[in-house]
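Report on the following structure.
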Amino acid sequence: MMNDPEQILRTIRLAAPSAALEQRIQSTFAEAAQSRRKRRPIPVWRWVGWIGATGIAATVIFHATRTITPNPPAAAAPAAIQCEIESRGPLRLLLLEPPARERMPPRFSVSVSTP
Amino acid sequence: MNSPVTERLRAVYVESRQSLYTYAVSITRQREAAEDAIHRAFQQLLRHDTLPADLRPYVFRCVRNAALDDLRRARVRTDSIFDGASDPAGGVAQPHAFSTAELNQWLHQLSPDERETIILKTYETFTLQEIADLRGVPLATVASWHRRGLAKLKTMMAHEA
């Protein structure tokens, strides 16, 4: 008498799938084959054509955009700012009382260049 | 001309339909649900443009997933993987004293993992390593499920004998 569970299980006849399942599976395979025939792979020349057309269109658009858009005006050179500082306080007195020969008060001039 | 995907799947189906069915029934415990699971799995597989090189375990995994999806729906589940589960040994002389009903009942007393492993190993002739790959678990885990399941079956058979 056998006592190995696996061997015992192998001796029992298994339930089989129904004919209905067989039909369903066969029709599924047939449908799949039909739909695959419909969506054939796109030939290489068509891919190349699409890529080329896209490239040409992109080039045309790029150039058209460049000619339509006016160049911005050249930025005007910034004007130099000139400041005049009048001295005050004791320095002013010194400046206001120069030697007799130079009665005109001197003027300080500071030039700052703009960035 | 059919595509390689369709042809490869058809070959696996023809070769393994009985095994796929037994496996699916062992999970769903409902023959109708098992057939639905197999059909759904093949419908999904046929939408693929490419398939893995080792296709058979992949198909079993897809059927398992479809069967587990079905299992989540509440239904009365009593079907057996055996033919004529209520007949004692199907009326044919067997080299053991157990009826198919008893064997079916014992199989369903195992944990789902133990039962799946024993069925894949016994009927589908998968190796333990292939079952581990199919289930996505370590080999040691599958070996343990197999050993424990067989030990439980032996105990139940010894009690009955």
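Bear in mind that the values in this text are calculations on the coordinates, not laboratory data. Keep in mind that this is a model prediction, so the values were computed, not measured. Please note: Cβ atoms are built from the backbone with ideal geometry, for glycine as well, and neighbour counts cover all protein chains shown.
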**Asked** Do you know which residues across the range A:4-19 are facing another protein chain (nearest Cβ under 7 Å) and either under 60 Å from the mean Cα position of the chain (by Cα) or in a loop (DSSP other than H, G, I, E, B) (or both)?
**Response** A:Ile12, A:Arg13, A:Ala15, A:Ala16, A:Pro17, A:Ser18
**Prompt:** Taking the range B:1-39 only, how many residues are outside any helix (DSSP H, G or I) and either buried (at least 17 other Cβ atoms within 10 Å of the Cβ) or within 8 Å of chain A (Cβ to nearest Cβ) (or both)?
**Reply:** 4
**Request:** Name every residue in the range B:110-134 that is free of Cβ contacts under 8 Å to residues at least 60 places away in the same chain and surrounded by 15 or more Cβ atoms within 10 Å (Cβ to Cβ), in order of residue number.
**Result:** B:Leu110, B:Asp113, B:Glu114, B:Thr117, B:Ile118, B:Lys121, B:Thr122, B:Leu128, B:Ile131, B:Ala132
**Request:** Keeping to the range B:118-160, report how many residues are more than 11 Å from chain A (Cβ to nearest Cβ) and assigned to a helix (DSSP H, G or I).
**Result:** 20
**Identity of the residue in the range B:40-57, at the interface with chain A (Cβ under 8 Å from one of its Cβ atoms) and surrounded by 18 or more Cβ atoms within 10 Å (Cβ to Cβ), that ends up farthest from B:Thr127 (Cα to Cα)** = B:Leu46
**Request:** Sort through B:Leu139, B:Leu150, B:Leu103, B:Leu120 and tell me the only one that's aliphatic (A, V, I, L, M) and in contact with a Phe, Trp or Tyr (Cβ under 6 Å, 6 or more places away or on another chain).
**Result:** B:Leu120
